[in-house]
Amino acid sequence: MSALQIVVIHPELLGTYGDIGNARILAHRARVRGIPAEIIFTPHNQPLPTSGDIYLLGGGEDRAQIASVEALRSSLGVLGGALDRGAQLFAVCAGLQILGESFPGVSGEIIAGLGMVPIVSLPGKDRIVGEVLVHSDLFTEPLTGFENHRGRTDLGGLSPLGRVLVGGGNGGEAIAINERVDGLVAGNILATYLHGPALARNPVLADHLLSRVVGALPKVPE
C-alpha cells in the first residue's frame, strides 16, 4: 500500500496559528488504522507536489497571506489537477480567503485570490476573536475552534461547512446569530475559520477528510 501523502502548503507562511498540527492529526489517525501516511512540507519557494492526497492551507498574517497567494499562482494548475483526480483540500482562515476571488490586504486594499471558488472576502470594521461552536449536518456533534480574523467572507451561494451557534464565523456581529455560517464545502474543497488546530479539536472532521480519500474507515483501535 502506498503512503497517503499529506501536503502542507507554505508552512513557513501559513503556520502562525498552529494549523500545521492538522497534518499531524491526519497522519496519526491514518496510521493507527494501519494506513501508512507521510507529511510533505512544501515551502513557498518550491513547487507543489502533484501526487498529494490531502493538501492543507493554514492561517497566517496579512503579509504572509499575500506572499503565499503570489507563490501559489504558478502552481494553480497543479492544485486544480490534483483536485480533479480526487485529492482533497482543507483550508483554514487565510487559506480559505486565498482560494476565493479576492481578500483584504494589509491596509484593507483588495488582493486577487486564486479564484478556485466564487467567494469574496472583505475587510471588517473589527477583528472577530474568540471561541466558536458550529453545527454541521455532516456530523452528529458540534465542531469547536478559535477564530481570529478581520475578513468577512461572502460565500456567493456556496454551501457552508455549518451554522454558527457561538461566534462570528464567515460574517460577524452585524449578522444575526441564527444567520451566521462558517467555512464552505465545494467539491473536494473544505474550508473553515476554525483554528485549534481544527482537526485536533474535531477528530470527526479529520476522519471525514480521510474517508473522502481512502473510503470508509475502520474504528480507531481502543
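Looking at 68, 75, just one residue is at pLDDT below 95, polar (S, T, N, Q) and open to solvent by less than 50 Å² (accessible area, probe 1.4 Å), and that residue is 75. Scanning the stretch 163-208 for residues that are under 15 Å from the mean Cα position of the chain (by Cα), polar (S, T, N, Q) and surrounded by fewer than 21 Cβ atoms within 10 Å (Cβ to Cβ) yields a single hit, 188. Looking only at the stretch 121-143, count how many residues are surrounded by 18 or more Cβ atoms within 10 Å (Cβ to Cβ) and assigned to a strand (DSSP E or B). Adding up the residues that qualify gives 6.
Per this entry, residue 181 is counted among residues that are of a type in the set (Val, Ile, Thr), in contact with a Pro (Cβ under 6 Å, 6 or more places away or on another chain) and farther than 13 Å from residue 92 by Cβ. Restricting attention to the stretch 18-56, the residues that are surrounded by 21 or more Cβ atoms within 10 Å (Cβ to Cβ), in contact (Cβ under 8 Å) with a residue 60 or more places away in the chain and not charged (D, E, K, R) total 5.
Among residues of the stretch 181-195 that are at positive phi, those with a beta-carbon under 6 Å from a residue that is assigned to a loop (DSSP other than H, G, I, E, B) and buried (at least 18 other Cβ atoms within 10 Å of the Cβ) at least six positions away or on a different chain give the pairs 183/160; 183/161.
Can residue 34 be described as closer than 20 Å to residue 208 by Cβ, outside any helix (DSSP H, G or I) and in contact with a helix residue (DSSP H, G or I) (Cβ under 8 Å, 6 or more places away or on another chain)? Criteria not met by residue 34. When we screen 63, 31, 73, 24 for residues that are closer than 16 Å to residue 116 by Cα and not hydroxyl-bearing (Ser, Thr, Tyr), the only hit is 73. Inspect the stretch 206-222 for any residue being of a type outside the set (Asp, Glu) and closer than 29 Å to residue 109 by Cβ and give the result as yes or no. Checked against the condition, which is being of a type outside the set (Asp, Glu) and closer than 29 Å to residue 109 by Cβ, the stretch 206-222 yields no hits at all.
Set side by side, the residues 105, 100, 115 differ, and just one is under 16 Å from the mean Cα position of the chain (by Cα) and more than 20 Å from residue 175 (Cβ to Cβ), which is 115. Going through the stretch 208-218 one residue at a time, which ones are in a loop (DSSP other than H, G, I, E, B) and either touching a Ser or Thr at 6+ places or on another chain (Cβ under 6 Å) or free of Cβ contacts under 8 Å to residues at least 12 places away in the same chain (or both)? The answer is 215, 216, 217. Looking only at the stretch 100-113, how many residues end up being assigned to a loop (DSSP other than H, G, I, E, B), open to solvent by less than 20 Å² (accessible area, probe 1.4 Å) and over 16 Å from residue 187 (Cα atoms)? Adding up the residues that qualify gives 2.
The values are calculated or read from the model by the stated rules, or taken from the named source; none is laboratory data. Keep in mind that this is a model prediction, so the values were computed, not measured. Quick reminder, even Gly has a Cβ in these numbers, built from the backbone with ideal geometry, and neighbours come from all protein chains shown. Side chains are part of the model used for accessible areas, which takes the heavy atoms of the whole protein and leaves out ligands, DNA and RNA. Shrake-Rupley method; radii C 1.70, N 1.55, O 1.52, S 1.80 Å.
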